[in-house]
Amino acid sequence: MSGNLTFAMIKPDAVESGKSGAIIAHLQEQGFLVRAMRLVRLTRPEAEAFYEVHRERPFYGELVEFMISGPAIAMALQSSDAVAGWRTAIGATDPAEAAEGTIRREFAESKGRNAVHGSDSDENALREVAFFFPERELALLGVHLPA
Ligand code: IDP
Ligand code: MG
């Protein structure tokens with residue numbers, strides 16, 4: 001069964017260029033509910049850990065540098081089938097390949113500086129929400145992650 005929560009991030013390129021408001025408006029219009037949100041500045045160890053799965057990829061160093069280059073916005077989003085729904089809404093990794101109407105097509109600069117993040121599985125969505133939001137804060141917001 002697919003869960004109703006996913007983890008999203010507005011990446012430093014989009015925050016820096018003032019696109020956060022438009023991206024949040026867009027996702028809310030598409031029916032995603034913001035259940036938790038925080039402006040964050042990732043440390044190098046945090047960015048390295050968040051993207052640990054890509055450590056051996058050639059773009060890892062560039063990705064980490066980009067993710068620590070400025071503030072980002074971390075969000076827990078709710079919708080039915082949230083992980084797949086949000087991946088569809090953001091579009092392909094490379095904005096040049098992203099479908100018309102997707103967030104990356106509209107707001108991303110390049111394959112690396114691509115405006116938004118979306119979890120790729122329910123398991124990673126829970127891991128990523130927990131990475132950014134303390135359990136106590138989630139509980140106060142009425143968000144309860146499965147154990
Ligand atoms: P995803 O964000 O669409 O899931 P992944 O393949 O998981 O894409 O890559 C994670 C992030 O790494 C991408 O969103 C992008 O910021 C960056 N990235 C991926 N491929 C490249 C590349 O070829 N050059 C530079 N950065 C890349
Ligand atoms: Mg990915």
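The values are calculated or read from the model by the stated rules, or taken from the named source; none is laboratory data. Keep in mind that what you see is a predicted model, and the values were worked out from it rather than measured. Don't worry about glycine lacking a Cβ; one is built from the backbone with ideal geometry, like all the others, and counts go over all protein chains shown.
Some points to look at:
- Residue list for the range 72-118, restricted to those being among the polar types (S, T, N, Q) and farther than 15 Å from VAL34 by Cβ: SER80, THR88, THR93, THR102, SER110, ASN114
- Considering ARG41, ARG35, ARG57, the condition of being farther than 28 Å from HIS144 by Cα and over 12 Å from the mean Cα position of the chain (by Cα) is satisfied by ARG57 alone.
- Exactly one residue among VAL15, VAL83 is crowded, with 17+ Cβ neighbours inside 10 Å, hydrophobic (A, V, I, L, M, F, W, C) and within 15 Å of ligand 2 (Cβ to nearest atom), and that residue is VAL83.
- Residues that are surrounded by fewer than 15 Cβ atoms within 10 Å (Cβ to Cβ) and either within 15 Å of the chain's Cα centre (by Cα) or more than 16 Å from ligand 2 (Cβ to nearest atom) (or both), drawn from the range 95-108: ALA96, ALA99, GLU100, GLY101
- Residue check, GLU128 closer than 28 Å to GLU29 by Cα, surrounded by 14 or more Cβ atoms within 10 Å (Cβ to Cβ), of a type in the set (Asp, Glu) and at pLDDT 95 or above: yes
- Residues satisfying the stated conditions in the range 39-58, i.e. among the aliphatic types (A, V, I, L, M) and either in contact (Cβ under 8 Å) with a residue 40 or more places away in the chain or surrounded by 12 or more Cβ atoms within 10 Å (Cβ to Cβ) (or both): VAL40, LEU42, ALA47, ALA49
- Qualifying helices (runs of 4 or more DSSP H) (wholly inside the range 69-147; at least 3 residues being away from ligand 1 (no atom under 11 Å from the Cβ) and more than 17 Å from ALA8 (Cβ to Cβ)): 135-140
- Just so you know, in the range 25-38 the residues that are in contact (Cβ under 8 Å) with a residue 24 or more places away in the chain, surrounded by fewer than 20 Cβ atoms within 10 Å (Cβ to Cβ) and not basic (Lys, Arg) include one that is nearest to PHE133 (Cα to Cα), and it is MET37.
- Meets criteria (within 15 Å of ligand 2 (Cβ to nearest atom), among the hydrophobic types (A, V, I, L, M, F, W, C) and surrounded by fewer than 19 Cβ atoms within 10 Å (Cβ to Cβ)) for VAL64: no
- Restricting the first member to the range 111-127 and to residues that are within 12 Å of ligand 2 (Cβ to nearest atom), and the second to residues that are at pLDDT below 95 and outside any helix (DSSP H, G or I), the beta-carbon pairs closer than 8 Å and six or more apart or on different chains are ALA125/GLY3.
- Verdict on LEU77 being away from ligand 2 (no atom under 16 Å from the Cβ), among the aliphatic types (A, V, I, L, M), touching a residue at least 24 places away in the same chain (Cβ under 8 Å) and at negative phi: no
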